[in-house]
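To start, the structure under review is shown below, and the notes come after it.
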Amino acid sequence: MSVHLDPERRHDFVILFDVTDGNPNGDPDAGNLPRVDPETMQGLVTDVSIKRRIRNWVDATRGTEERMKIYVQTRGEALNDLHQRAYDALGLRSTGARQDRETVEQARAWMCWNFWDIRTFGAVMTTGVNCGQVRGPVQLTFARSIDPIVPLDLAITRVAVTRAEDAKVVVGDEGVGESGGKTTEMGRKAIVPYGLYKGYGFVNPIFARQTGFSKEDLDLFWTALIMCWDLDRSSSRGRMACRGLYVFTHDSPLGKAPAHTLLDRVRVQRRDGVVSPRSFGDYTVVVDDKDLPDGVTLTRLVG
């Protein structure tokens, strides 16, 4: 078995992805413009946004299978209804938030067994019908662009109107003079011309044992992290792709080196003479794989 597929080992990883003429993660506090760090103007993509893409890919490819259901859905049953499934399947009675501990543990185990994203990312399931809390073995950071980005808010025109009354022709008194109705409507589209983003992630085998996170689950996670960008295509996303995935695997659950000393080995630099990066080719990725600490293995899944 490849070491990066072993859930009994600790894994620290770096992911690189880019966007061309799209909005990788809109900020609702800024009119859905691309998220930025206001001090550095580097672009940001939240861990929640990346997890949403991963969940959607797993749901689309494996969601009909046993144990591969997705708990956090964009559309679907209310969470409390999903919690109630656990109680019904186990023949237990829910008494609300003040549920006894043994019953909550049984419900929690049932949810972990049936929902891939709970086993992977964890969940807080103490709302209404209490299924406890799960701390997931896979955690992601915000991704940050290598260089400052330029968020553009572009005006767009739609050759169609929304309301029938807006398209009507208005005739003046006694049929004299006419004013034409609307034939177009204006809108906005926010994009980043180009941005290369770098994020970090961690797989903790201690928590994996607690949730039942398996080799199959870990293999599916790596595949989803690479492939989810293709499923997420939309007019607002532009062109997005995974450009690098580097996994540092320790030969023990507690690890053989601090994570930051390994993650800092992946360095991204703008090529000489490039003022405004507009493609992945405008950067070089340098991975220092020499003299890795004893017990640490590097696997390049992409890049």
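Every number in this text was worked out from the coordinates using simple rules, so none of it is lab data. Please read all numbers here as calculations on a predicted model, not as lab measurements. Reconstructed Cβ throughout: ideal geometry from the backbone, glycine too, with neighbour counts over all protein chains shown.
Computed from point charges on the beta carbon alone (+1 for Lys and Arg, -1 for Asp and Glu), the dipole magnitude for the chain about its Cα centre is near 420 Debye. Straight distance only, please: which lysines reach the Cα of LYS290 with their own Cα at less than 17 Å, same-chain residues fewer than 8 apart left out? Output for LYS290: LYS256. Reachable aspartates and glutamates from LYS69, Cα under 15 Å, same-chain residues fewer than 8 places away excluded? Output for LYS69: ASP59, GLU77, ASP81, ASP117, GLU216, ASP217.
The residue list LEU5, ILE191, THR127 was ranked by how far each Cα lies along the charge dipole of the chain toward its positive end, using unit charges on Cβ atoms, and LEU5 comes out on top. With a cut-off of 13 Å between beta carbons, the residues surrounding VAL14 carry a summed charge of +2, where Lys and Arg count +1 and Asp and Glu -1. Once the convex hull of all Cα atoms in the chain is built, its volume per residue stands at 202 Å³.
Over all other residues within a Cβ to Cβ distance under 10 Å of LEU292, the charged ones net out to -1, with Lys and Arg as +1 and Asp and Glu as -1.
With a Förster radius of 41 Å applied to the C-beta separation of ASP21 and MET1, the computed FRET efficiency comes to 0.50.
Model label sites at GLU165 and ALA89, defined 7 Å from Cα along the beta-carbon direction, differ in position by 5.2 nm. Which of these, ARG53, ARG98, ARG267, has the largest mean-square fluctuation under a Gaussian network model of the chain (Cα springs below 10 Å)? Fluctuation is largest for ARG98. Short-range pairs are left out: with C-alpha atoms under 8 Å and at least six residues apart, the relative contact order of the chain is 30 percent. With a cut-off of 11 Å on the backbone N, the residues of the stretch 1-23 near the modelled label site 7 Å out from ASP219 along Cα-Cβ are 1-2, 5-6. FRET efficiency for ASP294 and PHE202, Cβ-Cβ distance as r, R0 = 30 Å, nearest 0.05? Taking R0 as 30 Å, the efficiency between ASP294 and PHE202 is 0.90.
A crude spin-label estimate for the pair ASP251 and ARG67, with each label 7 Å from Cα along the Cβ direction, gives 2.9 nm.
Only helices enter this figure: runs of n ≥ 4 DSSP H residues, each worth -39500 (n - 2.57), summed and divided by the residues of the chain, yield -7500 deg cm²/dmol at 222 nm to the nearest 500. Under the membrane-span-like helix rule (DSSP H runs whose alpha carbons stretch at least 18 Å along the helix axis, mean Kyte-Doolittle hydropathy 0.0 or higher), the chain yields 215-231.
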